Amino acid sequence: KMSTELEQLMLTLEDKTKATKTNYKSAYKKLRKVVEKDFAELSEDDLINGIKTSDNPNSQQATINVAILVYKSLDKSVEKLIKLREENKQKIKLLIKAKNGALCVSLPSYNQLIGHLDGLYEASKWQEYIICYLLININCRNKDLNIEFVSRKGDMLDKTRNYIWFNLLKKNITLVRNEYKTVGTYGQKVNLITNAFFFNAVKKYMAAIKHEPTNLLIPNESQIAYYIQKSTFDQIGSSNYMKICVNHFRDNLNKITEISENRGTDIQTILENYDVCSQ
(Lines give C-alpha, C1' and ligand atoms only; values in the text may rest on other atoms or scores of the structure.)
Protein backbone atom coordinates (compact mmCIF):
# COMPACT_ATOMS: atom_id res chain seq x y z
CA LYS A 1 0.00 0.00 0.00
CA MET A 2 1.18 3.54 -0.72
CA SER A 3 2.36 5.53 2.26
CA THR A 4 0.04 8.25 3.56
CA GLU A 5 2.65 10.84 2.63
CA LEU A 6 2.69 9.69 -1.00
CA GLU A 7 -1.13 9.62 -1.06
CA GLN A 8 -1.16 13.19 0.25
CA LEU A 9 1.35 14.23 -2.39
CA MET A 10 -0.81 12.72 -5.16
CA LEU A 11 -3.83 14.65 -3.86
CA THR A 12 -1.94 17.94 -4.29
CA LEU A 13 -1.29 16.95 -7.92
CA GLU A 14 -4.91 16.27 -8.86
CA ASP A 15 -5.02 19.02 -11.52
CA LYS A 16 -1.75 17.92 -13.16
CA THR A 17 -1.32 15.76 -16.25
CA LYS A 18 -0.89 12.00 -16.01
CA ALA A 19 2.77 12.31 -17.07
CA THR A 20 3.48 14.91 -14.35
CA LYS A 21 1.87 12.70 -11.69
CA THR A 22 3.90 9.70 -12.84
CA ASN A 23 7.15 11.74 -12.74
CA TYR A 24 6.49 13.08 -9.23
CA LYS A 25 5.49 9.65 -7.94
CA SER A 26 8.66 8.12 -9.36
CA ALA A 27 10.85 10.92 -7.93
CA TYR A 28 9.21 10.54 -4.49
CA LYS A 29 9.76 6.78 -4.41
CA LYS A 30 13.38 7.19 -5.54
CA LEU A 31 14.21 9.67 -2.79
CA ARG A 32 12.14 7.81 -0.17
CA LYS A 33 14.21 4.68 -0.87
CA VAL A 34 17.44 6.62 -0.29
CA VAL A 35 16.40 8.41 2.94
CA GLU A 36 14.45 5.40 4.28
CA LYS A 37 11.92 7.57 6.14
CA ASP A 38 8.90 9.76 5.37
CA PHE A 39 10.04 13.28 4.51
CA ALA A 40 8.00 14.63 7.43
CA GLU A 41 10.39 12.90 9.85
CA LEU A 42 13.50 14.44 8.30
CA SER A 43 15.24 17.80 8.46
CA GLU A 44 15.87 19.80 5.31
CA ASP A 45 19.59 18.92 5.55
CA ASP A 46 18.81 15.18 5.77
CA LEU A 47 16.70 15.42 2.62
CA ILE A 48 19.39 17.41 0.80
CA ASN A 49 22.00 14.76 1.68
CA GLY A 50 19.66 12.15 0.21
CA ILE A 51 19.14 14.22 -2.94
CA LYS A 52 22.91 14.65 -3.39
CA THR A 53 23.52 10.89 -3.51
CA SER A 54 22.65 11.21 -7.22
CA ASP A 55 25.34 12.76 -9.44
CA ASN A 56 22.90 13.62 -12.24
CA PRO A 57 21.67 17.26 -11.98
CA ASN A 58 18.47 16.46 -13.93
CA SER A 59 17.68 13.56 -11.62
CA GLN A 60 18.48 15.75 -8.60
CA GLN A 61 16.12 18.45 -9.89
CA ALA A 62 13.19 16.01 -9.97
CA THR A 63 13.78 14.92 -6.36
CA ILE A 64 14.30 18.54 -5.20
CA ASN A 65 10.93 19.50 -6.73
CA VAL A 66 9.10 16.65 -5.04
CA ALA A 67 10.78 17.40 -1.68
CA ILE A 68 9.71 21.07 -1.93
CA LEU A 69 6.15 20.05 -2.74
CA VAL A 70 5.90 17.68 0.24
CA TYR A 71 7.53 20.16 2.64
CA LYS A 72 5.23 22.98 1.51
CA SER A 73 2.20 20.79 2.19
CA LEU A 74 3.60 20.20 5.70
CA ASP A 75 4.31 23.94 6.23
CA LYS A 76 7.99 23.15 6.71
CA SER A 77 10.80 25.49 5.62
CA VAL A 78 11.97 25.03 2.03
CA GLU A 79 14.60 27.80 1.98
CA LYS A 80 17.63 25.49 1.59
CA LEU A 81 15.86 23.28 -0.95
CA ILE A 82 15.00 26.30 -3.11
CA LYS A 83 18.62 27.50 -2.89
CA LEU A 84 19.81 24.03 -3.99
CA ARG A 85 17.29 24.04 -6.87
CA GLU A 86 18.63 27.38 -8.14
CA GLU A 87 22.26 26.17 -7.93
CA ASN A 88 21.27 23.03 -9.76
CA LYS A 89 19.52 24.99 -12.53
CA GLN A 90 22.86 26.66 -13.32
CA LYS A 91 24.59 23.25 -13.52
CA ILE A 92 21.90 22.01 -15.92
CA LYS A 93 22.35 25.13 -18.09
CA LEU A 94 26.11 24.48 -18.29
CA LEU A 95 25.50 20.84 -19.24
CA ILE A 96 23.08 21.90 -22.00
CA LYS A 97 25.61 24.46 -23.24
CA ALA A 98 28.40 21.86 -23.36
CA LYS A 99 26.15 19.38 -25.19
CA ASN A 100 24.99 22.06 -27.62
CA GLY A 101 28.58 23.19 -28.22
CA ALA A 102 29.42 19.69 -29.47
CA LEU A 103 26.30 19.75 -31.68
CA CYS A 104 27.31 23.08 -33.21
CA VAL A 105 30.22 21.33 -34.91
CA SER A 106 28.27 18.29 -36.12
CA LEU A 107 24.82 19.60 -37.13
CA PRO A 108 24.01 20.25 -40.80
CA SER A 109 23.40 23.83 -41.97
CA TYR A 110 20.05 25.55 -42.46
CA ASN A 111 20.75 25.63 -46.23
CA GLN A 112 21.11 21.84 -46.21
CA LEU A 113 17.64 21.55 -44.65
CA ILE A 114 16.24 23.81 -47.37
CA GLY A 115 18.01 21.76 -50.06
CA HIS A 116 16.52 18.57 -48.60
CA LEU A 117 13.05 20.20 -48.54
CA ASP A 118 13.35 21.21 -52.21
CA GLY A 119 14.49 17.67 -53.07
CA LEU A 120 11.40 16.18 -51.42
CA TYR A 121 9.18 18.46 -53.51
CA GLU A 122 10.96 17.55 -56.73
CA ALA A 123 10.61 13.84 -55.89
CA SER A 124 6.84 14.29 -55.18
CA LYS A 125 7.32 13.03 -51.62
CA TRP A 126 4.37 15.06 -50.39
CA GLN A 127 4.02 13.66 -46.87
CA GLU A 128 7.75 14.13 -46.14
CA TYR A 129 7.67 17.60 -47.72
CA ILE A 130 4.73 18.73 -45.54
CA ILE A 131 6.44 17.40 -42.40
CA CYS A 132 9.77 19.12 -43.12
CA TYR A 133 8.11 22.37 -44.25
CA LEU A 134 6.25 22.59 -40.92
CA LEU A 135 9.41 21.79 -38.92
CA ILE A 136 11.36 24.55 -40.68
CA ASN A 137 8.71 27.25 -41.08
CA ILE A 138 6.34 26.71 -38.13
CA ASN A 139 8.93 25.16 -35.75
CA CYS A 140 6.60 22.31 -34.81
CA ARG A 141 7.29 19.58 -32.28
CA ASN A 142 6.42 15.95 -33.07
CA LYS A 143 3.09 16.18 -31.21
CA ASP A 144 2.00 19.20 -33.30
CA LEU A 145 2.12 17.04 -36.45
CA ASN A 146 -0.73 14.79 -35.35
CA ILE A 147 -2.79 16.62 -37.98
CA GLU A 148 -6.09 15.98 -39.73
CA PHE A 149 -6.77 17.44 -43.21
CA VAL A 150 -10.11 19.20 -43.82
CA SER A 151 -11.43 21.14 -46.80
CA ARG A 152 -14.09 23.08 -44.88
CA LYS A 153 -13.59 25.40 -41.91
CA GLY A 154 -16.71 23.93 -40.29
CA ASP A 155 -15.03 20.52 -40.04
CA MET A 156 -12.56 21.79 -37.39
CA LEU A 157 -14.94 21.15 -34.52
CA ASP A 158 -12.87 19.08 -32.10
CA LYS A 159 -10.97 21.45 -29.79
CA THR A 160 -8.50 18.70 -28.84
CA ARG A 161 -7.24 18.06 -32.38
CA ASN A 162 -4.85 19.70 -34.85
CA TYR A 163 -6.02 20.54 -38.36
CA ILE A 164 -4.80 21.63 -41.77
CA TRP A 165 -7.63 23.46 -43.50
CA PHE A 166 -7.15 23.40 -47.28
CA ASN A 167 -8.94 26.46 -48.63
CA LEU A 168 -9.26 25.91 -52.38
CA LEU A 169 -11.13 29.19 -52.90
CA LYS A 170 -8.46 31.43 -51.35
CA LYS A 171 -5.58 29.12 -52.31
CA ASN A 172 -4.15 29.09 -48.81
CA ILE A 173 -3.67 26.74 -45.88
CA THR A 174 -4.57 27.30 -42.24
CA LEU A 175 -2.75 25.23 -39.62
CA VAL A 176 -4.77 25.05 -36.38
CA ARG A 177 -3.11 23.54 -33.30
CA ASN A 178 -5.26 22.70 -30.29
CA GLU A 179 -2.97 19.93 -29.03
CA TYR A 180 0.70 20.76 -28.46
CA LYS A 181 3.10 20.75 -25.49
CA THR A 182 2.41 24.24 -24.06
CA VAL A 183 -1.25 24.70 -25.08
CA GLY A 184 -2.15 25.19 -21.39
CA THR A 185 -0.05 28.38 -21.37
CA TYR A 186 -0.46 29.73 -24.91
CA GLY A 187 -3.85 28.41 -26.04
CA GLN A 188 -4.88 27.55 -29.60
CA LYS A 189 -2.35 28.47 -32.29
CA VAL A 190 -3.39 29.42 -35.83
CA ASN A 191 -0.92 29.88 -38.72
CA LEU A 192 -1.96 31.06 -42.19
CA ILE A 193 0.35 29.58 -44.85
CA THR A 194 0.23 31.17 -48.32
CA ASN A 195 3.28 29.43 -49.86
CA ALA A 196 2.27 28.08 -53.30
CA PHE A 197 4.55 25.01 -53.11
CA PHE A 198 3.13 24.03 -49.72
CA PHE A 199 -0.42 24.58 -51.00
CA ASN A 200 0.30 22.28 -53.95
CA ALA A 201 1.93 19.63 -51.75
CA VAL A 202 -1.11 19.55 -49.45
CA LYS A 203 -3.44 19.37 -52.46
CA LYS A 204 -1.49 16.42 -53.92
CA TYR A 205 -1.24 14.61 -50.58
CA MET A 206 -4.96 15.01 -49.83
CA ALA A 207 -5.72 13.55 -53.28
CA ALA A 208 -3.34 10.63 -52.59
CA ILE A 209 -5.01 9.71 -49.28
CA LYS A 210 -8.58 10.35 -50.49
CA HIS A 211 -9.55 6.67 -50.26
CA GLU A 212 -7.52 5.88 -47.13
CA PRO A 213 -9.41 5.11 -43.89
CA THR A 214 -8.11 8.32 -42.24
CA ASN A 215 -7.33 11.81 -43.52
CA LEU A 216 -4.31 12.26 -41.26
CA LEU A 217 -0.81 13.52 -42.08
CA ILE A 218 0.65 10.54 -40.20
CA PRO A 219 -1.81 7.62 -40.16
CA ASN A 220 -0.57 5.95 -36.97
CA GLU A 221 -0.38 8.25 -33.94
CA SER A 222 2.00 5.92 -32.09
CA GLN A 223 4.50 6.17 -34.97
CA ILE A 224 4.61 9.96 -35.33
CA ALA A 225 8.21 10.26 -34.04
CA TYR A 226 9.33 7.50 -36.44
CA TYR A 227 7.68 9.09 -39.50
CA ILE A 228 9.10 12.52 -38.67
CA GLN A 229 12.65 11.30 -38.08
CA LYS A 230 12.51 9.26 -41.31
CA SER A 231 11.42 12.38 -43.26
CA THR A 232 14.12 14.72 -41.96
CA PHE A 233 17.54 15.39 -43.48
CA ASP A 234 19.94 12.57 -42.47
CA GLN A 235 17.12 11.43 -40.12
CA ILE A 236 18.23 14.02 -37.52
CA GLY A 237 14.69 14.58 -36.14
CA SER A 238 12.57 17.58 -35.16
CA SER A 239 14.58 18.78 -32.13
CA ASN A 240 17.73 19.20 -34.25
CA TYR A 241 15.72 21.04 -36.92
CA MET A 242 14.67 23.48 -34.20
CA LYS A 243 18.31 23.95 -33.09
CA ILE A 244 19.45 24.59 -36.67
CA CYS A 245 16.67 27.16 -37.25
CA VAL A 246 17.41 29.00 -33.98
CA ASN A 247 21.14 29.02 -34.70
CA HIS A 248 20.58 30.33 -38.25
CA PHE A 249 18.35 33.22 -37.10
CA ARG A 250 19.96 33.92 -33.70
CA ASP A 251 20.90 37.52 -34.65
CA ASN A 252 17.47 38.29 -36.08
CA LEU A 253 15.24 39.25 -33.14
CA ASN A 254 12.08 39.41 -35.26
CA LYS A 255 12.65 35.87 -36.51
CA ILE A 256 13.49 34.55 -33.01
CA THR A 257 10.27 36.19 -31.73
CA GLU A 258 8.34 34.48 -34.53
CA ILE A 259 9.93 31.11 -33.65
CA SER A 260 9.02 31.69 -29.99
CA GLU A 261 5.38 32.41 -30.92
CA ASN A 262 5.18 29.45 -33.31
CA ARG A 263 6.71 27.06 -30.81
CA GLY A 264 4.86 28.26 -27.72
CA THR A 265 8.14 28.75 -25.80
CA ASP A 266 9.52 31.97 -24.32
CA ILE A 267 12.57 33.51 -26.02
CA GLN A 268 14.92 33.02 -23.06
CA THR A 269 14.17 29.28 -22.94
CA ILE A 270 14.70 29.02 -26.71
CA LEU A 271 18.10 30.74 -26.55
CA GLU A 272 19.20 28.68 -23.53
CA ASN A 273 18.18 25.31 -24.94
CA TYR A 274 18.39 25.60 -28.71
CA ASP A 275 21.02 28.22 -29.60
CA VAL A 276 23.72 25.58 -29.99
CA CYS A 277 26.55 27.82 -31.19
CA SER A 278 26.45 30.61 -28.59
CA GLN A 279 29.41 30.36 -26.24
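The values are calculated or read from the model by the stated rules, or taken from the named source; none is laboratory data. Predicted, not measured: the structure shown is a model, and the values here were computed from it. Reconstructed Cβ throughout: ideal geometry from the backbone, glycine too, with neighbour counts over all protein chains shown. In case anyone asks, the SASA skips ligands and DNA or RNA and just uses the protein heavy atoms, side chains included. Shrake-Rupley method; radii C 1.70, N 1.55, O 1.52, S 1.80 Å.
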In whole Å, largest first, the alpha carbons of region 205-279 cover along the principal axes 50, 24, 19
Label corresponding to Rg/Rh (Cα atoms, Kirkwood Rh) when calculated from the structure given, among [x] 0.96; [y] 1.03; [z] 1.05: [z]
Using only alpha carbon pairs under 8 Å that are at least six residues apart, calculate the relative contact order of the chain and give it in whole percent. 17
Stretch Ala196-Leu95 to full length: gain in nm at 0.36 nm per residue minus the Cα-Cα span? 32.2 nm
Only bridges with both residues in the chain count here: give the DSSP antiparallel percent, nearest 5. 75
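If the limit is 24 Å between Cα atoms, which of Lys30/Lys99; Lys25/Lys52; Lys99/Lys189; Lys16/Lys52; Lys89/Lys255; Lys16/Lys143 go over it? Could the numbers behind the result be given before it?
Working: Lys30/Lys99 26 Å; Lys25/Lys52 19 Å; Lys99/Lys189 31 Å; Lys16/Lys52 27 Å; Lys89/Lys255 27 Å; Lys16/Lys143 19 Å.
Flagged as over cut-off: Lys30/Lys99; Lys99/Lys189; Lys16/Lys52; Lys89/Lys255.
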Given a cut-off of under 8 Å on Cα pairs at least six residues apart, what relative contact order in percent is computed for region 52-110? 33
DSSP-defined antiparallel bridges as percent of all bridges, region 129-191, nearest 5: 65
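Using a 1.4 Å probe on the protein heavy atoms, what percent of the accessible area of the chain belongs to carbon and sulfur?
Whole-percent figure for carbon plus sulfur exposure: 50.
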Semi-axes a, b, c in Å (a largest) for region 68-211, each sqrt of 5 times a Cα gyration tensor eigenvalue, come to 40, 24, 10
Would you mind calculating the gained length between Ser59 and His211 on full extension (0.36 nm times residue separation, minus the Cα-Cα distance), in nm to one decimal? 49.9 nm
Leaving out ligands, DNA and RNA but keeping every protein chain, what accessible area does Ser77 have, in Å² rounded to the nearest 10, with a 1.4 Å probe? 70
Cβ-based net charge around Gln90, under 14 Å, with every Lys or Arg adding one and every Asp or Glu removing one: +3
Output for region 53-121: GluC sites (Glu not before Pro) sitting in coil per DSSP, at most 12 other Cβ within 10 Å, listed by number, reads none
Given Cβ point charges of +1 (Lys, Arg) and -1 (Asp, Glu) and nothing else, what value in debye, to the nearest 20, does the dipole of the chain about its Cα centre take? 440
Ordering Lys89, Lys153 by how much accessible area each has at a 1.4 Å probe, largest first, what is the list? Lys153, Lys89
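Can you give the extra length, in nm with one decimal, that the chain gains between Ser106 and Leu168 once fully stretched, where that is 0.36 nm per residue apart less the Cα-Cα distance?
Details: separation 62, 0.36 × 62 = 22.32 nm, distance 4.16 nm.
Extra length from Ser106 to Leu168 when fully extended: 18.2 nm.
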Per residue accessible area in Å² of the chain, where ligands, DNA and RNA are left out and the probe is 1.4 Å: 56
Calculated over region 121-279: convex hull of Cα atoms, volume per residue (Å³): 124
Between the modelled labels at Glu221 and Ala40 (7 Å from Cα along Cα→Cβ) the distance in nm is 3.9
Site Glu87, offset 7 angstrom along Cα→Cβ, radius 18 Å on amide nitrogen, limited to region 23-38, gives none
Just want the answer: with Cβ charges of +1 for Lys and Arg and -1 for Asp and Glu, which residue in Asn191, Ser43, Leu271 is farthest toward the dipole's positive end in the chain? Asn191
Can you find, among Asn88, Ile244, Leu216, the residue farthest towards the positive end of the dipole of the chain? Put +1 on the C-beta of Lys and Arg, -1 on that of Asp and Glu. Leu216
Value of [θ]222 nm, deg cm²/dmol, for the chain, DSSP H segments ≥ 4, -39500 (n - 2.57) each, nearest 500: -18000 deg cm²/dmol
